[in-house]
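The block underneath contains the structure these notes are about, expressed in structure tokens.
The values are calculated or read from the model by the stated rules, or taken from the named source; none is laboratory data. On a predicted model such as this, the values are computed, not experimentally measured, just so you know. FYI the Cβ positions are ideal-geometry reconstructions off the backbone, even for glycines, and counts take in every protein chain you see.
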Amino acid sequence: MMDYRRVRVRRYKEIIAVFTKQGFGLLVKQLKLHYSLRPKDRISDAGTTPDNAGASAGRRLRMAMEELGPTFVKLGQILSMRQDMLPIDITEELQKLQDSVQPFPFSEVKTLIEREFNDTLENIYQEFDEVPVAAASIAQVHRARLISGKQVAVKVQRPEIERLIELDLDILKDMAQFVDYHTKYGKIYDFVGMAEEFENTIKNELDFTQEGENADTFTLNFSRDEGVTVPKVKWIYTTRRVLTMEYFDGIKISDSAALDMAGINRSEIAERLAASICNQVLRDGFFHADPHPGNIQVMPDGTIIFLDLGMVGRLNESRKRSITKFFIGVAFKDSQLVVNSIMDMDTMTDRSNVKNFEKDIDALIEQYLTMPMNEIKIDKLLHEIFHIAFLNHVKTPREFALLSKTLTTLQGLLGKLAPELNALVIAEPIAKKLVYQSFSSENIKSQIKKGLLVYWNLLSEFPIAMQNLLHKASNADFAVQIEMKGMDKLQYQLERNYNKISFSMILLAVSIIIAGALISSSLSANTNSEMYLFNIAVLKICLASVAIIVLGLVISMFRSRR
């Protein structure tokens, strides 16, 4: 336990030192991160000038992430999607993060595979290329041949990577909790929630069986499409740390010269790629969340291969409907539909901002009214919507951020393959088709059946709910609390009016008594001196009583105001 604490403190100090070195010492101070360490472990040079002071903040942040290793590289890649939180110049720089490092030795590859399968490498693979075809921070890929003669790609996890990522995740969650509870930024952003979300994402990528299941899901979904596929998983040779898949030796989709040399029509490939991703999002609700050029290949016959399936986006039926409405709203330039689609995602923290949000979105849509659909850039449009959402305290769901990254990457690929194509132009007819399909007889029957099932469950649970309510009502301590909005203001107004009425009535009563005493004393002044003195004494007592009552009433009024 002591060793782990020592390692944790050393890593904590390393993280703070790297960010300080890159010129983020002031931010470390503002977030008070160094205070979460013991005084003797704190770094005292926060705020010093970085060596690369001329570099932009985005570039320095990217360099810090790369220096800190795989956990922070993945964190930077996810932050590059958060255009609702970070300026566009920083997100664009974070998109350049290189997830490639020096490969680890073949001896370690061999040891890990034999440990995972409890067998020798020679009994598992007929051939195994010792030189990897690709190396990244989490894993590296080798080409191999199974005993059956089938050529495969073997993805092997980097040794000890889980332990390092576990340590970094522990520190990130600790930092997030500290910032949430001890700084003003925690009230604006849910750092703990973001840290937990990031933990789930990276742990899914560490489990290669999860990537294999993603591949199977894509295989099933792509069975409805032509010219798009993913490698098939060889499950008997797959574990949490080793993934064996079908091997493809295609052309990188961004290699225009090689595509032209192979006689492949780039416009057709671009249209097929765009249609596939739009179908993944709008039809399947399951899409590749990292479709950069290195993860997409094209075979000589024009078939598109999606690789590296660890990071995916998932949309439930409700989210799919909302995003479909969003695209329809953009296509028809209907700001109300765009706003409703975003609000359907239940992302507004303050419903009082709805009108401002609608007005800002309406102004944005107005800018695009005169533009042809093929000239609207999806990346720019989404960035502006994210910015408006941020200003109006609308929290962007993770799925929407992943979707934004996917579509932005797609638009960049289309710009290289076929500049005349636009992702929105391809998404529009798909979205419309799905809307029309929702009114089909089969879909309506399905919705009716679901509705009947919901009502049946409600009716079946109603007698038990009523019985419980009646049982509680029979108890002596049963109470129903009713809270009226604005009750405090109403109570305050009633108290003020009550004080005014009380004050007036007391003054009236005192006035009558004083008048009676004065009249009585004047009548008896010449007839009886004893009676006159008695009336004067009564008058004094009345005046003293009045003064006490008025003073008490004034004090009571002041207290009620407070």
(request) Test E199 against the stated conditions and say whether it is modelled with pLDDT of 85 or more and either more than 17 Å from the chain's Cα centre (by Cα) or more than 27 Å from A136 (Cβ to Cβ) (or both). (result) no
(request) State the number of residues belonging to the stretch 257-266 that are more than 36 Å from the chain's Cα centre (by Cα), surrounded by 15 or more Cβ atoms within 10 Å (Cβ to Cβ) and not in a loop (DSSP other than H, G, I, E, B). (result) 1
(message) Here is a list: R143, R158. Which entry is more than 22 Å from A195 (Cα to Cα) and either within 37 Å of the chain's Cα centre (by Cα) or in the same structural domain as Q77 (by TED's automatic domain parsing) (or both)?
(response) R158
(request) Name every residue in the stretch 309-347 that is outside any helix (DSSP H, G or I) and without any contact (Cβ under 8 Å) to a residue 24 or more places away in the chain, in order of residue number. (result) F332, D346
(request) Give the residue, chosen from N221, N204, N214, that is more than 24 Å from F128 (Cβ to Cβ), in a helix (DSSP H, G or I) and modelled with pLDDT under 90. (result) N204
(request) Would you tally the residues in the stretch 235-256 being free of Cβ contacts under 8 Å to residues at least 40 places away in the same chain, outside any loop (DSSP other than H, G, I, E, B) and under 15 Å from Q297 (Cβ atoms)? (result) 0
(message) Among the residues in the stretch 50-73, are any within 21 Å of L169 (Cα to Cα), of a type in the set (S, T, N, Q), modelled with pLDDT of 80 or more and surrounded by 20 or more Cβ atoms within 10 Å (Cβ to Cβ)?
(response) yes
(request) Determine whether A270 is in contact (Cβ under 8 Å) with a residue 40 or more places away in the chain, within 24 Å of A401 (Cβ to Cβ) and not hydroxyl-bearing (S, T, Y). (result) no
